[in-house]
Amino acid sequence: MNIDKVLEKMTFEDAMNELENIVNALDKGDISLDKAIAAYDRGSKLKDHCEKKLNEAKMKVETIQMSENQELILNKANSLNPE
């Protein structure tokens, strides 16, 4: 399976956990340069994935808030104009 497809199926929490592990390994400095470069590349992809997931969640919350606000406005309008 393609690495990008595996990444797309990852949850936000799993991606963050892997990203934290990569950061910790890089901070320790006990990996080879080649592995560090590969880890940095993977970390960059994980960061992008996490940002995408956060933006999706933000849009969902904003959509919910807009729906609630529209419902509140309609309810207020209906209470001012009883039929």
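Key figures for this structure:
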{"read-out": "Of all residues in region 24-38 being hydrophobic (A, V, I, L, M, F, W, C) and out of contact with any helix residue (DSSP H, G or I) (no Cβ under 7 Å at 6 or more places or on another chain), the one that is surrounded by the fewest Cβ atoms within 10 Å (Cβ to Cβ)", "value": "L33"}
{"read-out": "Condition check for E62: farther than 22 Å from N2 by Cα and acidic (D, E)", "value": "yes"}
{"read-out": "Flag for L74 being touching a residue at least 12 places away in the same chain (Cβ under 8 Å) and either part of a helix (DSSP H, G or I) or surrounded by 10 or more Cβ atoms within 10 Å (Cβ to Cβ) (or both)", "value": "no"}
{"read-out": "Of all residues in region 10-32 being part of a helix (DSSP H, G or I) and under 12 Å from the mean Cα position of the chain (by Cα), the one that is nearest to L46 (Cα to Cα)", "value": "A15"}
{"read-out": "Candidate set: region 42-78, residues that are of a type in the set (S, T, N, Q) and under 21 Å from the mean Cα position of the chain (by Cα); chosen: the one modelled with the lowest pLDDT", "value": "Q65"}
{"read-out": "Members of region 18-56 that are touching a Phe, Trp or Tyr at 6+ places or on another chain (Cβ under 9 Å) and over 17 Å from L7 (Cβ atoms)", "value": "L26"}
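The values are calculated or read from the model by the stated rules, or taken from the named source; none is laboratory data. All values reported here derive from a predicted model rather than from experimental measurement. Every residue, glycine among them, receives a Cβ derived from its backbone with ideal geometry; neighbour counts consider all protein chains shown.
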